[in-house]
Amino acid sequence: MLERYLAIEDLLQLKSVDWEQPRSAPYPVSDIRDAEDAARSVREEWGLGHDPIPKLAELLEERGIKVLSLDLDDIDGLAARVRR
């Protein structure tokens, strides 16, 4: 699915956005407080404020993260790093 996503970008001659990693990332998370601190840091570094983010997938793609949706029964989430 990612291969097709990138192929479409190439066909349409769209510039793939480079990953804009927050300065203090990665954030080790071992409990809910760590996750809240990480979220606070990302919001601060990306200038997101404290309001809800209405189009999170769009925001992530603008920052260089490809967002794909798959219908899988036994998996709740998946993250991967891919090089072109």
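The values are calculated or read from the model by the stated rules, or taken from the named source; none is laboratory data. Predicted model only: the values in this text are computed from it and were never measured. Note that each Cβ is placed from the backbone with ideal geometry, even for glycine, and that neighbours are counted across all protein chains shown. Only protein heavy atoms, including side chains, enter the accessible area calculation; ligands, DNA and RNA are left aside. Shrake-Rupley method; radii C 1.70, N 1.55, O 1.52, S 1.80 Å.
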Which numbered condition in (1) open to solvent by 60 Å² or more (accessible area, probe 1.4 Å); (2) in contact with a Lys or Arg (Cβ under 9 Å, 6 or more places away or on another chain); (3) modelled with pLDDT of 90 or more is the only one that VAL82 fails?
(3)
Any idea which of (1) of a type in the set (D, E, K, R); (2) within 15 Å of the chain's Cα centre (by Cα); (3) in a helix (DSSP H, G or I) is the one ARG81 doesn't satisfy?
(3)
What residue, among those in segment 4-51 that are within 18 Å of ARG83 (Cβ to Cβ) and of a type in the set (Asp, Glu), is farthest from the chain's Cα centre (by Cα)?
ASP10
Test of understanding: among SER69, SER30, SER24, which residue is modelled with pLDDT of 85 or more and among the polar types (S, T, N, Q)?
SER30
Residues located in segment 52-70, provided they are outside any helix (DSSP H, G or I), farther than 11 Å from GLU20 by Cβ and under 9 Å from the mean Cα position of the chain (by Cα)
LYS66, VAL67
For segment 8-25, state whether one or more residues are aromatic (Phe, Trp, Tyr) and open to solvent by less than 100 Å² (accessible area, probe 1.4 Å).
no
Could you tell me whether ARG43 is out of contact with any Pro (no Cβ under 9 Å at 6 or more places or on another chain) and open to solvent by 90 Å² or more (accessible area, probe 1.4 Å)?
no
